[in-house]
1. By count of other Cβ within 10 Å, fewest leading, how are 16, 252 ordered?
2. Once label points are set 7 Å from the Cα along Cα→Cβ at both residue 244 and residue 92, what is their separation, rounded to one decimal in nm?
3. Which three lengths, in whole Å and largest first, does the chain cover when its Cα atoms are put on their principal axes?
4. Per-residue counts of other Cβ atoms within 10 Å, averaged by peptide: what ranking do you get for 117-129, 35-47, highest first?
5. Please order 145, 192 by the number of other Cβ within 10 Å, starting at the fewest.
6. Just grab the label-to-label distance for residue 16 and residue 252, each label 7 Å out from Cα along the Cβ direction, in nm (one decimal).
7. How big is the gap, in Å, between the Cα center of region 138-195 and the Cα center of region 25-67?
8. With runs of 4+ DSSP H residues as the only contributors, calculate the mean residue ellipticity of the chain at 222 nm using -39,500 (n - 2.57) per run, divided by the residue total and rounded to the nearest 500.
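Throughout, read-outs are computed from the coordinates displayed, never taken from laboratory work. For clarity, every value in this text was computed on a predicted model and none was experimentally measured. So basically every Cβ, Gly included, is an ideal-geometry build from the backbone, and we count neighbours across all protein chains shown.
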Ligand SMILES: C[S@@+](CC[C@H](N)C(=O)[O-])C[C@H]1O[C@@H](n2cnc3c(N)ncnc32)[C@H](O)[C@@H]1O
């Protein structure tokens, strides 16, 4: 069955002029999540041979930039860069090629597989974390992110990290992925840079109450939920977590601040 599926998408890619069967994964993901829209600037990390670049260009028609360690055969209207996405100096090359910010960052980069599950997972998380770092640098507020990750022990930690900067983040496995494969995609929608970070202690006024009864304070329009606090309270709050577009904090007793 898996073999038939592989052959089906392989033949379909050939007949429709795509360079890789993975083109259908991006089509399927985009149909469901609408990550790329007409006119978007798209950055594709780990882009060779270029199947995703072809699809991204078709959907957006806008600026599309692809980066890979390997050279990529030219695609009309697409800029390609031969570089390592994990190297800090690559960031400047990408921003220059984009000529500004990106609306969408997609990453299908994969390490060379060793067959050792733990090692392959760790390398994959390294690549995905680099993609997240790049996304945080280049995305417009409200932008979208798609990244491949091989499943393993730290998958959920990575998903939590993505949640710190995207209003919605979830794991997804498209139908065009091979059944036996360990690969998953993490989809992040609605990029934001929170004005607070975990561990910050802030002097806040509670201005509202959430559905579950938690106090709500705001920092530059960003909601901080504070369990146990009531409207009108002025409290010192330590930020405990940030996810899905808001933070949760805990009231610090005055002696804990000294
Ligand atoms: C599965 S392929 C991408 C396929 C592509 N989405 C397509 O549709 O044609 C994974 C790519 O990640 C690239 N890659 C792996 N590590 C990389 C790194 N550190 N920097 C840049 N590219 C990398 C590999 O060279 C490989 O071309």
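1. Working: 16 10, 252 14.
In increasing order of surrounding Cβ atoms, one gets 16, 252.
2. 4.1
3. 66, 40, 32
4. On the way: 117-129: 17.5, 35-47: 22.2.
The peptides rank, most packed first, as 35-47, 117-129.
5. Values: 145 26, 192 16.
In increasing order of surrounding Cβ atoms, one gets 192, 145.
6. 5.4
7. Each part's Cα centre sits 16 Å from the other's.
8. Working: 6 runs with 77 residues, N = 258.
That comes out to -9500 deg cm²/dmol.
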